[in-house]
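Below is one structure; the comments refer to it alone.
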Amino acid sequence: MSETTTTQRTVPAPSAERQERPQPVGYAGAAQAADAMTAHLPQREERESDSGRPRQADILRTIGETGYRFVRSDQTIYAVQIGGGPIARPIRSKGGSGGTGSLRQCLIREYVLSTGRTPSQAALADAIAALEAMAMDSESQDVHLRVAADQVDRWTTWLDLGRSDGLSVCIERGSWAVLVPQDGEGPLWRRSRLVHELPVPERSSAGWQHGVELLRRILPVSTDSYPMVVAWCLAALRPDMPRPLAGILGEQGTGKSTLCRMMVRLVDGTKAHLRSVPKSEDDLAVTTAAGWCLALDNLSGMPGWLSDFLSRTVTGDALTKRELYSDDDVVILIYQRPVLLTSIEIGVMQGDLAERMLPIQLEPITGKNRRTERRLWEEYNTSHPEILGGLLDLAALVWAKIPEASDKLAERPRMADWAEMLWALDEVTGWHTLDTYTGAQEDLVDDVIEGDPVATSVLRWATSRLTPWTWEGPAAQLLAELQVPPNTDREKDWPRTPAVLSARLQRAAPALRRRGVDVRKLPRTKSGRPLRISTEPDKSNG
């Protein structure tokens, strides 16, 4: 009976190129552990036999345990490379994550570089499953996308530059600095394919005016609208802040898409792009949660579902849907994003969206002032670091003023945080952004009423009286008394039942109240729930 001989070979040592590759602290330990465990591996992995040598799955698991720490955020587990920057990598994502890779990819890479061999898919699956199970009781820590609040000082914010080394900007009250956040002292960043790299900002001895003036020369926007563009960009640097939707409006050829791209790329990377409106709210929610800024280009109208979605997005929303390949679990997408859109004419807007809109109207560009796309973007890309530095200089000064705003503002619009930031911006720059925004809101109120035949009819009916008065009664009686405005489609635009009229009045009530007509539902009685419409000053302000 012949004796079976097993031939062993020593795995070649890592190449000189690998040895010279810079290794972060802690990560080198994982590589050395992998080298030691694989020093005497046979050329072909032995199946189901106990040779006394570590299996591939155990080697991969050791690389993960010694080279990474694990955190939980919103019931999702992330891997953070020890000594490798504040980047939170997903566990299983096969496609990687914004250029930083997933833990799965990192394990494969380190195994190949340490052994010269490719791990089997079965061993990789076993190692990932073991690491995921061991990480179930890991610490809970927030993971952020692009912008984050400081863990200690609520007035300090962080900006992720989207680099593989985790370089970030810390914006404090009065100053800012570029650094890599230390473990436990700064935010953890997650990356998606929509997170692009920002240039390292450059300071100017001339202060914020230099970078902001560079931006003004490049943007195709009027002098009056320019401060509102800067204000929106500043708001995009603050996390967890309700901010208005920037509506860039103008006729064809006014540079709407160019302005929108420049605004979003200033804070979201040079490769950030505009998007068209998808067919469903679920698709839009997924892309919104994956990126920081949501920029929708060339809207030809505002369907009701999109208006409601955008209203929720700028103030904060979440989508809960069934997890793929699961019958009893869900995926939760949480987002509050800076939003921009371009349109020649948005059309009829609902009151909720109008109160969250920052209209930026563009004027036609004459042939004398028109520039080529190539030269325009060359100038923008060259100036981007200085523009970003100027914006950060201004942000640091505005952040220092915001705490004073709560005592200085007598009245606030619906988006009070935004109003306080505008007040602080005006204090620093001498601009009048708060007055400009308030005036634009008044114009939008008229647009909302004119676009809603119910609001138009109620306003005309209520203000036709010579003296302040109050009317109370059921919605059915009001429907009979109102006159249908001209050119109104009774089948589509005019309510056919009292219940629909009551719902339409609730939606139009904020706009009507700002025009002196107070509409309220009274407590329910045995005969139903009556309405009260009043033009008396004390009630319209109540």
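The values are calculated or read from the model by the stated rules, or taken from the named source; none is laboratory data. Here the structure is a predicted model, which is why all the values come from computation and not from measurement. Using ideal geometry, Cβ is built from the backbone for each residue, glycine included, and neighbour counts are taken over all protein chains shown. Accessible surface areas use protein heavy atoms only, side chains included; no ligands, DNA or RNA. Shrake-Rupley method; radii C 1.70, N 1.55, O 1.52, S 1.80 Å.
With R₀ fixed at 30 Å, the C-beta to C-beta distance from D224 to S276 puts the FRET efficiency at about 0.50. Between K321 and E379, residue separation times 0.36 nm minus the direct Cα-Cα distance comes to 16.5 nm.
I want the local charge near K408. Using Cβ-Cβ distances under 10 Å, sum +1 for each Lys or Arg and -1 for each Asp or Glu among the other residues. Once positives and negatives cancel, what remains is -3. Potential lengthening of the chain between T372 and A503 amounts to 42.2 nm, from the contour at 0.36 nm per residue minus the alpha-carbon distance. Here the alpha carbons of segment 231-297 define both size measures, Rg and Dmax, at 12.5, 35 Å. Averaging the Cα positions of each part gives two centres, and for segment 166-217 and segment 257-284 these lie 20 Å apart. For I365 and R173, a Förster radius of 41 Å and the Cβ-Cβ distance give a FRET efficiency of 0.55, rounded to the nearest 0.05.
Over 26 Å apart at the Cα level, from the set K256/K279; K408/K521; K279/K492, are K408/K521. Count Lys and Arg as plus one, Asp and Glu as minus one, and take only other residues whose Cβ is under 12 Å from that of S343; the net charge is then -2.
For segment 451-542, a Kirkwood radius taken over Cα pairs fed into Stokes-Einstein (4 °C, viscosity 1.567 mPa s) yields D = 97 µm²/s. With contacts taken as Cα pairs under 8 Å and at least 6 residues apart, segment 146-291 reaches a relative contact order of 22 percent. Express the relative contact order of the chain as a whole percentage, based on alpha carbon pairs under 8 Å and six or more residues apart in sequence. Reported as a whole number, the value is 12 percent. In percent, rounded to a whole number, the relative contact order of segment 357-477 is 20, using alpha-carbon pairs under 8 Å and six or more apart. Find how many whole Å separate the alpha carbon centroid of segment 61-76 from the alpha carbon centroid of segment 441-503. Between the Cα centres of segment 441-503 and segment 61-76 lies a distance of 59 Å. When you count the other C-beta atoms within 10 angstrom of each residue and take the mean per peptide, 457-463, 265-271 line up highest first as 265-271, 457-463.
For the pair R414 and R117, the difference between a 0.36 nm per residue extended length and the Cα-Cα distance amounts to 100.8 nm.
Shown here are the Rg and Dmax of the Cα trace of segment 259-325, at 12.9, 42 Å. Working value for the chain: equivalent-ellipsoid semi-axes of 55, 30, 21 Å, each the square root of 5 times a Cα gyration tensor eigenvalue, largest first. Of the residues I91, I82, ranked by 1.4 Å probe accessible area with the largest first, the sequence reads I82, I91.
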